[in-house]
Amino acid sequence: MTDTTNDILIDRTAGAVGFDGEIGSSMAEFSAEYMTYVEEHLDTDLGRVADRMLVLLRSMDQLHQGFVVSQLDHALQTATRAERDGADLDMIVASLCHDVGKTFSNMNHPAVAAEMLRPWVSDEAYWVVKYHQDFQGRHYYARIGMDPDLRLRHVDHPAYALGEKFADVWDQTAFDPDYDSESLEHFEPMVREVFGRTARRG
Ligand SMILES: [Fe+2]
């Protein structure tokens, strides 16, 4: 497992090594040949996505935000509960990664995580992550002056029941310091399988 940030972010082909033509200094000047060269490097870069996600998840061991368990522990508990409940691969990995947006900030973290997952997971897994806070609100929004029934705006969505199971059974329960979670290493092959898929655009 790659374990340093530099190992996943440094591109050792920096400087257009191997491209002999004119490049120009703005995108408007980039030739078709140069764009082909860039596209090949972008494809290669996609091979680092699983490693990047694993580094982000591991970094969440340092993120507590006032909770008794770390955000990594919370992620592992959520994914373990999903797996033990018979969730499919996409939902297990989505459960593991659903709060990864918190590595930047709590604001909009569901949408951030959902968009990171979107090219590689099912539409329903993407949707559940994107709106999971609306479902989570049932469990605590009333205590912070917010509407606890925000989930009802999604009641006609085909993944509504899955959103409820995710929030009510797997996510909101995953703050137990005594829960017997699987390790990140247990989930690593699943992360590599999902993020090793051909990425979908759009
Ligand atoms: Fe969560």
Discussion item. Among the numbered criteria (1) over 18 Å from Met190 (Cβ atoms); (2) in a loop (DSSP other than H, G, I, E, B), which one does Pro110 miss?
Written reply: (2)
Worksheet entry | Failed condition for Val68, given (1) farther than 23 Å from Val169 by Cβ; (2) part of a loop (DSSP other than H, G, I, E, B) | (1)
Worksheet item: Identify, please: which residue in the stretch 25-52 is surrounded by 15 or more Cβ atoms within 10 Å (Cβ to Cβ) and among the charged types (D, E, K, R) and is, among those, modelled with the lowest pLDDT?
Response: Arg48
Practice prompt. Filter the stretch 165-176 down to residues that are within 13 Å of the ligand (Cβ to nearest atom) and not in a loop (DSSP other than H, G, I, E, B) and give me whichever is farthest from Leu89 (Cα to Cα).
Written response: Asp168
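Condition check ((1) assigned to a helix (DSSP H, G or I); (2) more than 15 Å from the ligand (Cβ to nearest atom); (3) among the acidic types (Asp, Glu)) across all residues:
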{"position": "Met35", "(1), (2), (3)": "yes, yes, no"}
{"position": "Glu39", "(1), (2), (3)": "yes, yes, yes"}
{"position": "Ser59", "(1), (2), (3)": "yes, yes, no"}
{"position": "Ala87", "(1), (2), (3)": "no, no, no"}
{"position": "Ile92", "(1), (2), (3)": "yes, no, no"}
{"position": "Ser105", "(1), (2), (3)": "no, no, no"}
{"position": "Trp120", "(1), (2), (3)": "no, yes, no"}
Worksheet, complete the sentence: In the stretch 122-164, anything part of a loop (DSSP other than H, G, I, E, B), over 26 Å from Arg192 (Cα atoms) and within 14 Å of the ligand (Cβ to nearest atom) is listed as Tyr140
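The values are calculated or read from the model by the stated rules, or taken from the named source; none is laboratory data. These figures come from a predicted structure and were not determined experimentally. Counting neighbours? That spans all protein chains shown, and the Cβs are built from the backbone with ideal geometry, glycine included.
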